[in-house]
Amino acid sequence: MSVESILAVTVGSILEFDVPVDSELTLYVGNRQIGRGQAVKTGENFGVQVTRIDPVSIRIDALGGA
């Protein structure tokens, strides 16, 4: 999702994932993979539990620092 799309999320919004609920999600910044995670529910909230972070050099490159 783009930052613009994330900012448009409100109470009652439905977010659809293109993978099964028990699959790992890929975390992106600037269309570049920076890690992986698992969808989780905590109480009435949903989130992503980060399970893997790519090396710092890859994350900096994704942010446009290289």
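The values are calculated or read from the model by the stated rules, or taken from the named source; none is laboratory data. Only a predicted model underlies this, so the values are computations on that prediction, with no experimental measurement involved. Every residue, glycine among them, receives a Cβ derived from its backbone with ideal geometry; neighbour counts consider all protein chains shown. Side chains included, ligands, DNA and RNA excluded: accessible areas come from the protein's heavy atoms. Shrake-Rupley method; radii C 1.70, N 1.55, O 1.52, S 1.80 Å.
For the stretch 5-56, which strands (runs of 3 or more DSSP E) that fit wholly inside it have 2 or more residues that are among the β-branched types (Val, Ile, Thr), at pLDDT 80 or above and surrounded by fewer than 14 Cβ atoms within 10 Å (Cβ to Cβ)? Can you show your working first?
Values: elements: 24-29, 32-42, 45-53.
Result: 32-42, 45-53.
With the structure loaded, tell me whether residue 54 is in contact with a helix residue (DSSP H, G or I) (Cβ under 9 Å, 6 or more places away or on another chain) and either hydrophobic (A, V, I, L, M, F, W, C) or free of Cβ contacts under 8 Å to residues at least 40 places away in the same chain (or both) or whether it fails that test.
Judged against the criteria, residue 54 is a match.
Taking only pairs six or more apart or across chains, which ones have beta-carbon atoms under 6 Å, a first residue in the stretch 22-35 that is free of Cβ contacts under 8 Å to residues at least 60 places away in the same chain, and a second residue that is open to solvent by less than 50 Å² (accessible area, probe 1.4 Å) and of a type in the set (Gly, Ala, Ser)?
Qualifying pairs under 6 Å: 25/37; 27/35; 27/37; 29/62; 30/62; 32/62; 34/62.
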